[in-house]
Amino acid sequence: MQIDDLSEEELKNSLNMRKLPKHVAIIMDGNGRWADRRNLPRIEGHKAGVESVREVVELCGELKIQVLTLYAFSTENWKRPPFEVNALMRLLIDQLSEQTPDLNSKNVKINVIGDISRLPKRVINEIRSSINVTKENTGLILNLALSYGGRQEIIKATRAIADDVKKGILNPDDIDEKVFAKYLYTSDLPDPDIIIRTSGELRISNFLLWQCAYSEIYITEVLWPDFRKKDFLLALISYQNRKRRFGGI
Ligand code: FPP
């Protein structure tokens, strides 16, 4: 019998609840291919991916995972045809406004990382409203990476550091990893313990470049719209079977 043959309940029971990751980050890939295989427009793949988002958020809540970061739109995704970008923006607006009341009732706190100034005004307003409504919540932090790029984040942090040095607030000799991390979008969050990528691509694609230094990487062939709680549990079990050495022995 293989681990994949176990039911969702059996997989859940085999988890070590004391060895769960604090922060799970996901590169949700394969929506376009999922749609192509069904002769559907690419946006149907993105729409179908919403159900996978719902399932992973729910499971994170059940397992009391602290942070879930979802790579929903990268700085590179701006290069996609305007039709697809607009449809993705529409989907984000709809999902944020539809899901926020339910997420709020589940004590989920919504957070966003990325250069949101590039997003359409309506998306920015919806993000602000979701963040505001959920700001006092103490459960899962649902961290959406939107118009996010790791290199852009590092450049932004470097500029802010240079600015503080110029103003005399910061001494260059005091800049270490801890100080640098404080200038990133993720200043208040732990680094991801595991990064999951769906659809089998073996790349990090400009995602959390600084923060992924010691993250465990888990790649599955499953396309994002097909990703279910069972697939998430398989990733968590794989994580629990790794020996994390953080460069030591
Ligand atoms: C990558 O698949 C996916 C995206 C660029 C968008 C992900 C967005 C969603 C799942 C929408 C819902 C999100 C939230 C947070 C409500 P791809 O288009 O690169 O797929 P491909 O590699 O097969 O072409």
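The values are calculated or read from the model by the stated rules, or taken from the named source; none is laboratory data. A quick note: this is a predicted structure, and the numbers were derived from the prediction, not measured. Glycine gets a Cβ as well: all are built from the backbone with ideal geometry, and neighbour counts include every protein chain shown. Accessible surface areas use protein heavy atoms only, side chains included; no ligands, DNA or RNA. Shrake-Rupley method; radii C 1.70, N 1.55, O 1.52, S 1.80 Å.
The table that follows gives values for the structure above.
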| read-out | value |
| --- | --- |
| Solvent-accessible area per residue, Å², over the stretch 133-186 with all protein chains present [probe radius 1.4 Å] | 60 Å² |
| Largest to smallest accessible area among 60, 212 [probe 1.4 Å] | 212, 60 |
| Mean Cα-pair separation over length for the stretch 98-210, i.e. relative contact order, pairs under 8 Å, 6 or more apart, % | 28 percent |
| Cut-off 17 Å, label 7 Å out along Cα→Cβ of residue 8, residues of the stretch 32-74 by amide N | 49-65 |
| Net dipole in debye of the chain [+1 Lys, Arg Cβ; -1 Asp, Glu Cβ; about Cα centre; nearest 20] | 440 debye |
| Length released on extending from residue 205 to residue 33, taking residue separation times 0.36 nm less the Cα-Cα span | 60.2 nm |
| Size-normalised alpha-carbon gyration radius of the stretch 202-243, reference 2.2 N^0.38 Å | 1.28 |
| Along each principal axis, Cα extent of the stretch 139-249, largest first, Å | 52, 37, 31 |
| Rounded percent of accessible protein surface that carbon and sulfur make up, the stretch 1-68, 1.4 Å probe | 47 percent |
| Theoretical gain in end-to-end length, residue 133 to residue 77 [0.36 nm per residue, Cα-Cα removed] | 17.4 nm |
| Sequence ranges 40-52, 114-126, 140-152, ranked by mean other-Cβ count within 10 angstrom, highest first | 140-152, 40-52, 114-126 |
| For the chain, alpha-carbon Rg over 2.2 N^0.38 Å | 1.04 |
| Residues whose placed amide H lies under 5 Å from that of residue 147, excluding near-sequence neighbours | 73, 74 |
| 1.4 Å probe accessible area per residue over the stretch 188-246, in Å² | 45 Å² |
| Accessible area expressed per residue, the stretch 1-107, with surrounding protein chains retained (probe 1.4 Å, Å²) | 54 Å² |
| Unsatisfied cross-links (Cα-Cα over 32 Å) in the set 166/243; 12/156; 79/156; 182/230; 19/156 | 166/243; 12/156; 182/230; 19/156 |
| Distant alpha-carbon pairs in the stretch 1-117 (separation over 23 angstrom), percent | 42 percent |
| Alpha carbon Rg of the stretch 66-155, scaled by the compact-globule rule 2.2 N^0.38 Å | 1.07 |
| Theoretical ellipticity at 222 nm over the chain - DSSP helices of four or more residues, -39500 (n - 2.57) apiece, nearest 500 | -13500 deg cm²/dmol |
| Cα Rg, Dmax, the stretch 1-67, angstrom units | 15.1, 44 |
| Probe 1.4 Å, all protein chains present, accessible-area order of 33, 54, largest first | 54, 33 |
| Enclosed volume per residue, in Å³, of the convex hull spanned by Cα atoms of the stretch 133-187 | 127 Å³ |
| Share of carbon and sulfur in the accessible heavy-atom surface of the stretch 135-249 [1.4 Å probe, %] | 52 percent |
| Förster radius 22 Å - calculated FRET efficiency between residue 178 and residue 158 (Cβ-Cβ, nearest 0.05) | 0.90 |
